[in-house]
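The block underneath contains the structure these notes are about, expressed in structure tokens.
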Amino acid sequence: MSKKFPYDTADLKPSRRDFLKWSGAGMATAMMARFGLAPILAQNMGEIPAELHPGSPTNARGWTTTLPPIPEGMPVDPPVTITGSRRGPWEFADGDDIENSPFTRLNAAVTGIQWKLAFNWTDNEGEVLQKYNLAIASDELPDFMETVPLQVYSELLENDLLEDITDVYEEVAHPVWLKEAMSFSDGIAWRLAEVNGRKMGLPYIEQAAQNDKVLWIRQDWLDAVGMSAPTTIEELHAVATAFKEADMGQGGDGATLGIAANRQLNTWYCSLDPIFGAWGVMPTFWTPDENGDLQYDSVRPEIKEVLGTLRAWYSEGLLAQDFFTFAPWQNAGTHIGGNLAGIMYSPAFGAVYGLPDSVANDPDARWTFGDIPTGPTGIKKKAWSNPVPDTVYCFRKGFEHVDLVLKQIAWWAELLQNPANRYHGFEGTDYFWRNEDGELDPMGSTLDLNGYDSTKHIWGPPGTNGGSRTDPFFETNWIKERRDVWANTPEDERDALMEAFLGGDPLSVLWDEANVFAVDHWEADGIKNHFLTVPTRTMERAGTSLEGLEAETFINIITGQESLDRFDSFAEEWRSGGGDRITDEVNEWWHGQM
Amino acid sequence: MIRDRNWFSRLFDGANYIFLTLFAVLCLLPLIHIFAVSLSGRAPATAGFVSFWPIDFTLENYEQVMGSRNFLRSLAISVARVLTGTSLSMILVILTAYPLSKTPRVFRGRTIFIWFFVFAMLFDGGLIPSFLVVRSLGLLNTLGALILPNAVPIFSVILMMNFFRDVPKELEESALIDGASHWRVLWHIYIPLSLPAIATLTLFSAVNHWNAWFDGLIYMTDTANYPMQTFLRTVIVTLDLTQVGINPQDLQRLSDRAIRGAQIIVATVPILIVYPFLQRYFISGIKLGAVKE
């Protein structure tokens with residue numbers, strides 16, 4: 001096997017991006033021509049009753065959603081019942097439930113599959129483990145298991161309880177919507193689902209650059225202090241200091257912060273990872289050294305320089321004095337929503353998380369985003385957000401219908417992920433008509449407390465709670481379709497779907513822009529964590545205490561409770577406390593990959 | 001000296017009152033804070049601006065909570081659970097405690113039964129075996145799974161039994177001489193005399209049922225059947241999102257402190273209302289039970 005995940009982006013497949021330049025219909029045709037698939041047969045669609053269709057073709061201002069061709073041999077007759085476990089919760093329209101929703105009704109008509117709920121869970125700490133362990137103990141594994149956590153996955157593998165889907169996958173998996181879609185970044189998608197070259201499940205795939213940071217900054221504060229957006233760490237320091245000195249924030253006197261941060265230095269929101277990246281290192285990541293071995297970045301000497309910088313910032317009051325008590329989601333409320341900080345490193349979706357509260361509390365707040373500043377030697381790097389989290393979709397050993405599930409996934413993946421199909425869910429679940437003029441409420445329905453997305457009701461990718469797709473560029477493709485195709489449609493030819501999305505509030509537009517920006521910089525600016533498999537033996541034994549030591553030491557150094565030189569003894573402690581052995585084990589795996 | 005002590009004890013009383021009042025206020029403040037948050041707008045609540053008075057006063061949070069099907073369904077399950085679970089428990093507790101309160105001469109084998117119950121109180125089968133039993137009885141996802149496994153709270157049985165034992169024997173004897181059956185003795189003598197204990201144990205049982213969340217988590221394989229406290233954990237307890245992602249809309253919803261405040265208030269108020277009605281029994285019940293043992 002070739003060595004995985006080099007920085008070199010030259011061999012990334014350009015085809016997907018190229019598609020985007022073409023119009024939606026052209027894109028679909030091009031794909032089919034490329035893979036020699038038959039063009040869509042109109043009579044195929046006749047079999048699906050109109051009331052099951054997504055979209056609103058009967059409304060005066062409605063639109064049609066194009067359904068992909070029905071997979072060969074489907075719908076199966078007689079229908080097949082498949083049990084599955086799901087991550088909940090959901091809300092439904094009257095009378096519907098997870099086994100009977102617009103999704104299951106259309107799906108049954110297309111594929112002949114009836115889904116039956118084995119069990120589900122919510123995101124409470126440990127709940128998912130609890131439910132899977134009970135299922136294993138009672139010897140009642142469902143046919144299809146959603147988002148199996150790593151611990152459970154290892155246990156299932158050890159006890160030979162999972163179906164090897166390698167051969168079925170080769171045979172029936174869709175060439176575009178499964179095989180090609182999941183081949184990004186040199187096959188990183190299969191980092192867990194493939195064991196010794198055999199596919200033991202399907203990967204869970206999030207969106208590209210989903211947690212990649214951009215620099216979010218208050219433009220109105222920049223204007224007030226007469227500065228422009230920082231491009232280097234030095235300038236960032238100057239701007240943060242200016243914000244603090246001018247006391248731009250909403251809190252009491254002197255409450256303004258330079259930059260929002262929390263106890264996790266490298267995390268998903270209000271992270272400091274681009275500051276470490278400016279020195280070319282990334283705490284908690286494993287990266288290749290000059291000899292081609294993997295090294296643990298947290299103990300590299302550059303970390304000491306970054307800690308020294310942060311220590312200085314903390315003593316100047318640029319970081320909150322109690323920042324180490326904050327979790328990322330608390331930053332969103334107190335520091336960003338409460339307008340105490342005007343600078344943060346957060347992902348594109350920061351535009352709709354934290355910022356809405358900021359603008360609500362201070363109507364003058366004007367946020368903008370920009371590229372991350374470069375370090376003293378001109379390095380500009382951030383943590384590469386891996387779209388394949390530590391979880392896998394699994395099939396029960398002996399389950400006979402893996403092929404049907406794969407076909408279903410491909411059909412829905414094509415429906416959702418090809419923007420030309422114009423899928424926006426079902427009337428009454430994903431959107432409703434706000435008035436008789438055909439104005440559409442695209443995000444919210446009356447079902448839930450806030451915006452709702454019925455792809456949660458879909459069993460398996462490209463649905464599920466949390467939005468697992470097969471294509472990590474799904475969201476970006478949609479944004480580009482909206483900007484490049486819909487926006488160029490003359491206004492009087494636009495239907496309600498186009499209008500609803502093209503309007504949008506300023507923050508949603510900002511989100512779209514930041515998303516495209518982050519995806520464009522995803523491969524080039526990311527420092528990747530190259531250790532991608534299950535924890536090694538020594539990690540399982542000593543990992544927790546070493547992580548604790550690291551987190552505590554870094555915070556103590558930043559807050560000045562320990563000297564900066566403590567870093568050297570920490571690195572020594574880490575090595576002797578199991579770090580050396582972990583490094584050996586990691587490299588054993590790493591070189592086995594080559 | 002006596003005046004001094006009076007003066008001192010009055011000062012002591014005064015200090016006590018002040019201390020206890022402060023302590024009571026301390027207990028009330030978090031509730032008042034949550035109440036204020038629940039009546040505030042989303043943005044100021046989430047930013048932490050609200051202390052004890054609502055900002056951007058709105059009832060919208062309550063409208064949304066009361067309009068959420070998931071929340072209302074879990075509330076209905078909890079109410080059903082409290083009503084059926086508590087009545088079933090009380091019937092079983094009384095029926096169990098009555099024979100056990102007799103002397104071994106009246107009820108031969110009493111000691112064996114007592115040990116049987118004590119054993120069951122001290123040792124249980126553990127999580128997985130309990131789950132397997134409930135599952136093989138076909139109780140998963142039913143109200144029965146929440147009510148039946150702990151339908152006989154043995155601690156309550158022992159309290160009730162001791163209470164029954166302190167009822168004067170002469171009352172029972174005179175009734176028996178007049179030809180009353182045990183049912184009549186229980187119904188017309190023991191129960192009316194034990195109302196304080198019954199009220200106390202009913203309250204224990206109701207509060208336990210209302211607050212229980214773990215059995216809901218284990219025995220309800222479908223989250224749609226979660227009772228309220230289990231459901232509330234999904235919106236209040238720290239979420240574990242390390243393994244899989246979440247939509248930004250959901251993230252926004254989950255960090256909405258105003259909505260969470262409204263949910264906490266709606267979940268707390270029903271049980272708070274029950275307390276004053278039963279409290280006088282509650283106090284005397286504990287005293288009686290304690291003195292007579």
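The values are calculated or read from the model by the stated rules, or taken from the named source; none is laboratory data. Fair warning: this is a prediction, and the values are worked out from it, not measured in the lab. Quick reminder, even Gly has a Cβ in these numbers, built from the backbone with ideal geometry, and neighbours come from all protein chains shown.
Which of the residues that make up the range A:315-333 are touching a Gly at 6+ places or on another chain (Cβ under 7 Å) and surrounded by fewer than 24 Cβ atoms within 10 Å (Cβ to Cβ)?
The answer is A:SER315, A:LEU318, A:GLY333.
Taking the range B:220-234 as the search range and keeping residues that are polar (S, T, N, Q) and within 8 Å of chain A (Cβ to nearest Cβ), which one is surrounded by the most Cβ atoms within 10 Å (Cβ to Cβ)?
Filtering the range B:220-234 for residues that are polar (S, T, N, Q) and within 8 Å of chain A (Cβ to nearest Cβ), the one surrounded by the most Cβ atoms within 10 Å (Cβ to Cβ) comes out as B:THR223.
B:ARG73 is checked against (1) charged (D, E, K, R); (2) away from chain A (no Cβ under 14 Å); (3) closer than 30 Å to A:ALA118 by Cα and fails just one. What number does that condition carry?
(2)
Within the range A:287-346, can you find the residues that are within 14 Å of chain B (Cβ to nearest Cβ) and either on the phi > 0 side of the Ramachandran plot or outside any helix (DSSP H, G or I) (or both)?
Scanning the range A:287-346 gives A:ALA320, A:ASP322, A:PHE326, A:ALA327, A:GLY338, A:ASN339, A:LEU340, A:ALA341, A:SER346.
Here are some residues: A:GLY88, A:GLY84, A:GLY126. Which one is within 11 Å of chain B (Cβ to nearest Cβ), in contact (Cβ under 8 Å) with a residue 60 or more places away in the chain and under 23 Å from A:GLY466 (Cα atoms)?
Result of the check over A:GLY88, A:GLY84, A:GLY126: A:GLY88.
Name the one entry in A:LEU497, A:LEU502, A:LEU510 that is at pLDDT below 85 and buried (at least 17 other Cβ atoms within 10 Å of the Cβ).
Testing whether each residue is at pLDDT below 85 and buried (at least 17 other Cβ atoms within 10 Å of the Cβ) leaves just A:LEU497.
Which residue out of A:LEU150, A:LEU117 is within 12 Å of chain B (Cβ to nearest Cβ), out of contact with any helix residue (DSSP H, G or I) (no Cβ under 7 Å at 6 or more places or on another chain), closer than 17 Å to A:TRP459 by Cα and hydrophobic (A, V, I, L, M, F, W, C)?
Of A:LEU150, A:LEU117, the one residue that is within 12 Å of chain B (Cβ to nearest Cβ), out of contact with any helix residue (DSSP H, G or I) (no Cβ under 7 Å at 6 or more places or on another chain), closer than 17 Å to A:TRP459 by Cα and hydrophobic (A, V, I, L, M, F, W, C) is A:LEU117.
When both residues are 6+ apart or on different chains and their Cβ atoms are under 7 Å apart, which pairs have a first residue that lies in the range A:130-159 and is over 14 Å from A:LEU202 (Cα atoms), and a second that is assigned to a helix (DSSP H, G or I) and hydroxyl-bearing (Ser, Thr, Tyr)?
Sorted first by the residue in the range A:130-159, then by its partner, the pairs are A:VAL152/A:TYR132.
In the range A:351-401, what residues are more than 14 Å from every other protein chain (Cβ to nearest Cβ), of a type in the set (A, V, I, L, M) and either buried (at least 23 other Cβ atoms within 10 Å of the Cβ) or under 20 Å from the mean Cα position of the chain (by Cα) (or both)?
If the condition is that a residue be more than 14 Å from every other protein chain (Cβ to nearest Cβ), of a type in the set (A, V, I, L, M) and either buried (at least 23 other Cβ atoms within 10 Å of the Cβ) or under 20 Å from the mean Cα position of the chain (by Cα) (or both), then A:ILE372, A:ALA383 are the ones that fit.
Which condition does A:GLN417 not pass, out of (1) modelled with pLDDT of 95 or more; (2) under 26 Å from A:GLU146 (Cα atoms), if it passes all the others?
Every condition holds for A:GLN417 apart from (1).
From the list B:VAL133, B:VAL118, B:VAL79, B:VAL93, exactly one residue is assigned by TED's automatic domain parsing to the domain that holds B:LEU232, at pLDDT 95 or above and of a type in the set (A, V, I, L, M, F, W, C). Which is it?
Only one candidate qualifies: B:VAL93.
It is to be established whether one or more residues within the range A:135-142 are acidic (Asp, Glu), surrounded by 21 or more Cβ atoms within 10 Å (Cβ to Cβ) and within 14 Å of chain B (Cβ to nearest Cβ).
No: the range A:135-142 contains no residue that is acidic (Asp, Glu), surrounded by 21 or more Cβ atoms within 10 Å (Cβ to Cβ) and within 14 Å of chain B (Cβ to nearest Cβ).
Within the range A:199-219, how many residues turn out to be within 14 Å of chain B (Cβ to nearest Cβ) and charged (D, E, K, R)?
Number of matching residues: 2.
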